[in-house]
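Right, one structure below, let's go through it.
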Amino acid sequence: MSKGTHDYAPDPRNATIKVNLNGALVARDAAKVSVFDAGYVLGDGVWEGLRLHDGGLPFLDLHLDRLYEGAKAIDLDIGLTREALTQRIIDTLRANGMRDHVHIRLMVTRGIKSTPHQDPRFVIGPPTIVIVPEYKDPLPATVERGIRLFTVHVRRGAPDVQDPKLNSHSKLNCILACIQATKAGADEALMLDPLGFVATCNSTHFFIVRKGTVWTSTGKYCLGGITRGNVLRLCRDHGLPVFEKDFSLTDVYGADEAFVTGTFAGITPVREVDGRLLGDGQRGPMCSHLQTLYQRLVETESHAGVQV
């Protein structure tokens, strides 16, 4: 069984990477934060996953938009301008001699607290900003053969409970969903919204294909996915009928194809949901076509944007 779309082959170079911890470059095994850090104590922070491709950082502006909007929503001052944070990312990658096949985890927490308590007024210092670059690529077999999903009982919550549009460090509901799917023998979890319609997966966004049309959820109960948005744009730009709509598991089980999207693996086929094979259980033509279009978009964005 794979670890879903985030499975990867270990790379020995990662043992000696330098991590950026609050502006200082430190060895991987020396990169530590305080036990009083708000992120450790309470999961109080926001984060992004980025890719370095051929010397460029595709869709960086979209990721920074989401990071700063999330920080503002939880009343967290990152303390750096977008330009300064971008330069810190670039400096980290250059210090590691990296130009390609890299996944970057950018994490911002509220910082050190005087005592372990949820009230932000107990914070006594600036935010903690960590940049972890690693040589990581999705497994080719996963991208080609696809994954199996299991529908879990854990729901995506309403925004008045914990807004699912926040890319926060508090991911316990997604972790519980992942655990249930794993115990059921699947690779990732498919999650429903409070009304029982399909919402998203525990770490990716979900699409189905029915009679040549592409469907995804309304987006009301899922993170504003960067890759999700790019797939919607690619469909519209290339004349592929695409709909953001409510749909049920019955629609999923009868679909011709399905796939998931995310920054790390891009577009990954789904071959099975709850024991039901989709189509012939292989990567479908729509998924394959969109993978090609998406890779071209990544190439274009990598060369047009910020260069390392």
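Each value in this text was obtained by applying a stated rule to the coordinates, not by laboratory testing. This structure is a prediction, so every number in the text was calculated from the model and none was measured. Glycine also receives a Cβ, built like all others from the backbone with ideal geometry; neighbour counts cover every protein chain displayed.
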Q) Could you work out the helix-only [θ] at 222 nm for the chain, with each DSSP H run of four or more residues adding -39,500 (n - 2.57) and the total divided by the number of residues, to the nearest 500 deg cm²/dmol? A) -9000 deg cm²/dmol
Q: Can you tell me the relative contact order of the range 140-303? Whole percent, Cα pairs under 8 Å, sequence separation 6 or more.
A: 25
Q.
With +1 assigned to the C-beta of every Lys and Arg and -1 to the C-beta of every Asp and Glu, and no other charges, what is the dipole magnitude of the range 140-303 about the Cα centre in debye, to the nearest 20?
A. 80
**Q.** Long-range HN-HN contacts of Val273 with modeled amide H, under 5 Å
**A.** Leu149, Leu278
**Q.** trypsin sites (Lys or Arg not before Pro) within the range 1-89, DSSP loop, no more than 13 other Cβ atoms inside 10 Å
**A.** Lys32
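Is the range 12-135 rounded, prolate or oblate when judged by the Cα gyration tensor, a ≥ b ≥ c being the square roots of its eigenvalues, rounded requiring a/c under 1.5 and prolate requiring a/b larger than b/c?
oblate
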Q.
Taking Cα extents along the principal axes in Å straight from the coordinates, which label in [x] 55, 40, 34; [y] 51, 46, 35; [z] 44, 43, 40 is the correct one?
A. [x]
Q. What is the Cα centroid distance between the range 158-206 and the range 233-308, reported in whole angstrom?
A. 19
Q: Please give every one of the aspartates and glutamates within straight-line cross-link reach of Lys220, meaning a C-alpha to C-alpha distance under 15 Å, and leave out same-chain neighbours fewer than 8 residues apart.
A: Asp160, Asp163, Asp193, Glu244, Asp246
Q) What residues have an amide H closer than 5 Å to that of Glu257, excluding those fewer than 5 places away on the same chain, when H is modeled at 1.01 Å from N in the peptide plane? A) Val209
**Q.** Phi to ³J(HN,Hα) by Karplus 6.51 cos²θ - 1.76 cosθ + 1.60 over the range 128-134, Hz, x for Gly, Pro
**A.** 8, 10, 10, 10, 10, x, 9
**Q.** Ascending count of other beta-carbon atoms within 10 Å, so fewest first, for Leu60, Leu176
**A.** Leu176, Leu60
Q. What ³J(HN,Hα) values, in whole Hz, does the Karplus curve 6.51 cos²θ - 1.76 cosθ + 1.60 give for the range 249-259 when θ = phi - 60°, with x put for Gly and Pro?
A. 5, 4, 5, 5, 4, x, 6, 7, 8, 8, 7
Q.
Can you compute the charge dipole magnitude of the chain about its Cα centre, using +1 on each Lys and Arg Cβ and -1 on each Asp and Glu Cβ, nothing else charged? Give it in debye, rounded to the nearest 20.
A. 260
Q.
Given contacts defined as C-alpha pairs under 8 Å and at least six residues apart, what's the relative contact order of the chain, whole-number percent?
A. 22
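Please give the net charge around Val252, taking every other residue with its beta carbon less than 15 angstrom from that of Val252, where Lys and Arg add +1 and Asp and Glu add -1.
Cβ neighbours under 15 Å give a net charge of -2.
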Q) What list of ³J(HN,Hα) values in whole Hz, one per residue of the range 18-31 in order, does the Karplus curve 6.51 cos²θ - 1.76 cosθ + 1.60 (θ = phi - 60°) give from phi, with Gly and Pro shown as x? A) 9, 9, 8, 10, 6, x, 9, 8, 10, 5, 3, 6, 9, 7
**Q.** Straight-distance crosslink candidates among aspartates and glutamates, where the alpha carbon sits under 20 Å from Lys136 and sequence neighbours closer than 8 are dropped
**A.** Asp7, Asp11, Asp29, Glu48, Asp54, Asp91, Asp100, Glu144, Asp187, Glu188, Glu299, Glu301
(Q) Just to confirm the filter: which trypsin sites (Lys or Arg not before Pro) across the range 206-268 are DSSP coil and have at most 14 other Cβ within 10 angstrom of their Cβ? (A) Lys211, Lys245
